[in-house]
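These notes are about the structure you will find just below.
The values are calculated or read from the model by the stated rules, or taken from the named source; none is laboratory data. This is a predicted model, so every value here is computed, not measured. Here the Cβ positions follow ideal geometry from the backbone for every residue, glycine too, while neighbour counts run over all protein chains shown. Ligands, DNA and RNA are stripped out before the accessible areas are found, and what is left, the full protein with its side chains, is counted by its heavy atoms. Shrake-Rupley method; radii C 1.70, N 1.55, O 1.52, S 1.80 Å.
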Amino acid sequence: MAHRDTTLRRPQLPIGWRRLAFRLPILLFGVGLGPLLGRRFLLLHHTGRVSGLDRKAVLEVVAYGPDGWTVASGFGPRADWYRNLRRQPKTLVRFGTRPHAVTARFLTPDEGAEIMVDYARRHPRAARRLCSFMGLPVDGREASYREAGRAVPFVRLDAAEGRRRA
(Lines give C-alpha, C1' and ligand atoms only; values in the text may rest on other atoms or scores of the structure.)
Protein backbone atom coordinates (compact mmCIF):
# COMPACT_ATOMS: atom_id res chain seq x y z
CA MET A 1 0.00 0.00 0.00
CA ALA A 2 1.44 3.36 -1.04
CA HIS A 3 1.61 6.21 1.43
CA ARG A 4 2.60 9.83 1.36
CA ASP A 5 6.25 10.52 2.04
CA THR A 6 6.26 12.89 4.99
CA THR A 7 10.03 13.43 4.73
CA LEU A 8 9.70 15.54 1.56
CA ARG A 9 11.24 18.98 1.59
CA ARG A 10 8.05 21.02 1.49
CA PRO A 11 8.21 24.73 0.67
CA GLN A 12 8.22 27.10 3.61
CA LEU A 13 4.88 28.68 4.40
CA PRO A 14 4.95 32.26 3.08
CA ILE A 15 5.74 35.13 5.42
CA GLY A 16 6.14 38.87 4.91
CA TRP A 17 5.72 40.13 1.34
CA ARG A 18 5.32 36.55 0.01
CA ARG A 19 2.33 36.02 2.30
CA LEU A 20 0.84 39.29 1.07
CA ALA A 21 1.36 38.23 -2.55
CA PHE A 22 -0.34 34.88 -1.88
CA ARG A 23 -3.28 36.70 -0.30
CA LEU A 24 -3.84 39.29 -3.07
CA PRO A 25 -6.23 37.02 -5.03
CA ILE A 26 -8.51 36.97 -1.97
CA LEU A 27 -8.89 40.74 -2.40
CA LEU A 28 -9.85 40.23 -6.06
CA PHE A 29 -12.65 37.87 -5.01
CA GLY A 30 -13.63 40.31 -2.25
CA VAL A 31 -14.31 43.12 -4.72
CA GLY A 32 -16.09 40.86 -7.22
CA LEU A 33 -13.14 40.41 -9.59
CA GLY A 34 -12.58 36.69 -8.94
CA PRO A 35 -13.68 35.80 -12.49
CA LEU A 36 -10.53 37.59 -13.77
CA LEU A 37 -8.61 34.60 -12.42
CA GLY A 38 -10.52 32.32 -14.80
CA ARG A 39 -11.64 28.78 -14.12
CA ARG A 40 -8.28 27.83 -12.60
CA PHE A 41 -8.92 29.33 -9.14
CA LEU A 42 -11.59 29.32 -6.47
CA LEU A 43 -12.06 31.06 -3.13
CA LEU A 44 -12.33 28.60 -0.25
CA HIS A 45 -14.02 29.65 2.99
CA HIS A 46 -12.90 27.59 5.98
CA THR A 47 -13.28 27.80 9.73
CA GLY A 48 -10.16 28.18 11.86
CA ARG A 49 -9.71 24.98 13.84
CA VAL A 50 -8.41 26.90 16.88
CA SER A 51 -9.97 30.36 16.53
CA GLY A 52 -13.32 29.34 15.05
CA LEU A 53 -13.08 32.39 12.78
CA ASP A 54 -13.96 32.50 9.09
CA ARG A 55 -10.83 32.16 6.97
CA LYS A 56 -10.28 32.36 3.21
CA ALA A 57 -7.78 30.96 0.74
CA VAL A 58 -7.58 31.12 -3.05
CA LEU A 59 -6.65 27.71 -4.44
CA GLU A 60 -5.76 26.48 -7.89
CA VAL A 61 -8.35 24.11 -9.33
CA VAL A 62 -6.59 21.08 -10.78
CA ALA A 63 -9.80 19.45 -12.03
CA TYR A 64 -13.49 20.29 -12.04
CA GLY A 65 -16.79 19.00 -13.28
CA PRO A 66 -20.49 19.50 -12.63
CA ASP A 67 -20.26 17.84 -9.20
CA GLY A 68 -17.28 19.73 -7.74
CA TRP A 69 -13.63 20.71 -7.81
CA THR A 70 -10.30 19.10 -6.98
CA VAL A 71 -7.54 21.16 -5.35
CA ALA A 72 -4.03 20.34 -4.10
CA SER A 73 -2.16 21.50 -1.04
CA GLY A 74 1.15 22.77 -2.41
CA PHE A 75 2.39 23.29 1.15
CA GLY A 76 1.48 19.75 2.11
CA PRO A 77 -0.76 18.61 4.95
CA ARG A 78 0.38 21.44 7.26
CA ALA A 79 -1.34 24.20 5.27
CA ASP A 80 -3.91 25.89 7.49
CA TRP A 81 -6.78 25.53 5.02
CA TYR A 82 -6.07 21.80 4.69
CA ARG A 83 -5.92 21.25 8.44
CA ASN A 84 -9.07 23.34 8.92
CA LEU A 85 -10.98 21.27 6.36
CA ARG A 86 -9.90 18.12 8.17
CA ARG A 87 -11.65 19.47 11.25
CA GLN A 88 -14.71 20.91 9.43
CA PRO A 89 -15.18 19.47 5.90
CA LYS A 90 -18.52 21.19 5.14
CA THR A 91 -17.93 24.71 3.84
CA LEU A 92 -18.41 27.15 0.96
CA VAL A 93 -16.41 27.99 -2.15
CA ARG A 94 -16.80 30.82 -4.61
CA PHE A 95 -16.11 29.83 -8.20
CA GLY A 96 -16.44 32.77 -10.55
CA THR A 97 -19.15 34.93 -9.01
CA ARG A 98 -21.26 32.17 -7.46
CA PRO A 99 -21.02 30.57 -4.01
CA HIS A 100 -21.36 26.79 -3.68
CA ALA A 101 -21.86 24.62 -0.60
CA VAL A 102 -19.29 21.79 -0.61
CA THR A 103 -18.01 18.92 1.46
CA ALA A 104 -14.28 18.17 1.42
CA ARG A 105 -13.20 14.61 0.69
CA PHE A 106 -9.52 13.80 1.16
CA LEU A 107 -8.21 11.68 -1.70
CA THR A 108 -5.98 8.62 -1.48
CA PRO A 109 -2.40 8.66 -2.80
CA ASP A 110 -3.47 6.49 -5.76
CA GLU A 111 -6.26 8.94 -6.64
CA GLY A 112 -3.73 11.77 -6.34
CA ALA A 113 -1.36 9.97 -8.69
CA GLU A 114 -3.98 9.81 -11.44
CA ILE A 115 -5.03 13.43 -10.89
CA MET A 116 -1.40 14.61 -11.22
CA VAL A 117 -0.90 12.63 -14.44
CA ASP A 118 -4.06 14.14 -15.92
CA TYR A 119 -3.06 17.65 -14.77
CA ALA A 120 0.42 17.24 -16.30
CA ARG A 121 -1.15 16.25 -19.63
CA ARG A 122 -3.40 19.31 -19.65
CA HIS A 123 -0.93 21.84 -18.14
CA PRO A 124 2.64 20.52 -18.63
CA ARG A 125 4.47 23.75 -17.71
CA ALA A 126 2.28 24.43 -14.69
CA ALA A 127 2.72 20.82 -13.51
CA ARG A 128 6.53 21.11 -13.74
CA ARG A 129 6.47 24.41 -11.81
CA LEU A 130 4.09 23.03 -9.18
CA CYS A 131 6.25 19.94 -8.62
CA SER A 132 9.41 22.03 -8.47
CA PHE A 133 7.77 24.39 -5.95
CA MET A 134 6.85 21.40 -3.77
CA GLY A 135 10.32 19.85 -4.04
CA LEU A 136 9.05 16.85 -6.02
CA PRO A 137 11.42 15.59 -8.73
CA VAL A 138 9.78 15.02 -12.11
CA ASP A 139 11.42 14.26 -15.43
CA GLY A 140 8.42 14.74 -17.71
CA ARG A 141 7.49 11.07 -17.83
CA GLU A 142 4.04 9.95 -16.73
CA ALA A 143 5.57 7.67 -14.08
CA SER A 144 7.35 10.59 -12.38
CA TYR A 145 4.12 12.63 -12.26
CA ARG A 146 2.29 9.61 -10.90
CA GLU A 147 4.87 9.28 -8.11
CA ALA A 148 4.71 13.03 -7.39
CA GLY A 149 0.91 12.86 -7.23
CA ARG A 150 1.12 10.19 -4.54
CA ALA A 151 2.98 12.67 -2.32
CA VAL A 152 0.58 15.60 -2.81
CA PRO A 153 -2.48 15.97 -0.57
CA PHE A 154 -5.43 16.35 -2.94
CA VAL A 155 -8.90 17.35 -1.78
CA ARG A 156 -12.14 16.88 -3.68
CA LEU A 157 -14.71 19.61 -2.92
CA ASP A 158 -17.99 17.88 -3.68
CA ALA A 159 -20.96 20.18 -4.40
CA ALA A 160 -23.81 19.67 -1.94
CA GLU A 161 -26.75 17.53 -3.04
CA GLY A 162 -29.41 19.63 -4.72
CA ARG A 163 -26.81 22.39 -5.30
CA ARG A 164 -24.94 20.89 -8.23
CA ARG A 165 -23.26 23.32 -10.58
CA ALA A 166 -25.12 24.16 -13.76
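A few comments on the model shown:
- Scanning the range 73-98 for residues that are open to solvent by 60 Å² or more (accessible area, probe 1.4 Å) and of a type outside the set (A, V, I, L, M) returns 77, 78, 80, 83, 86, 87, 88, 90, 94, 97, 98.
- Residue in the range 99-149 that is least open to solvent (accessible area, probe 1.4 Å), counting only those that are in a strand (DSSP E or B) and out of contact with any Ser or Thr (no Cβ under 9 Å at 6 or more places or on another chain): 100
- Residue 23 under 17 Å from residue 156 (Cα atoms) and either assigned to a loop (DSSP other than H, G, I, E, B) or not hydrophobic (A, V, I, L, M, F, W, C) (or both): no
- Filtered by the rule that a residue be among the polar types (S, T, N, Q) and either under 13 Å from the mean Cα position of the chain (by Cα) or assigned to a strand (DSSP E or B) (or both), the range 44-79 gives 47, 70, 73.
- Considering residues of the range 150-161 that are aliphatic (A, V, I, L, M) and over 14 Å from residue 133 (Cα atoms) only, the residue most open to solvent (accessible area, probe 1.4 Å): 160
- Among the residues listed as 160, 143, the single one being among the small types (Gly, Ala, Ser), modelled with pLDDT of 95 or more and out of contact with any Leu (no Cβ under 8 Å at 6 or more places or on another chain): 143
- Filter result (touching a helix residue (DSSP H, G or I) at 6+ places or on another chain (Cβ under 7 Å) and polar (S, T, N, Q)) within the range 92-120: 97
- Of all residue pairs spaced 6 or more apart or on separate chains, those with beta-carbon atoms under 8 Å, a first member in the range 38-50 that is small (Gly, Ala, Ser) and a second member that is part of a strand (DSSP E or B) are 48/54; 48/55.
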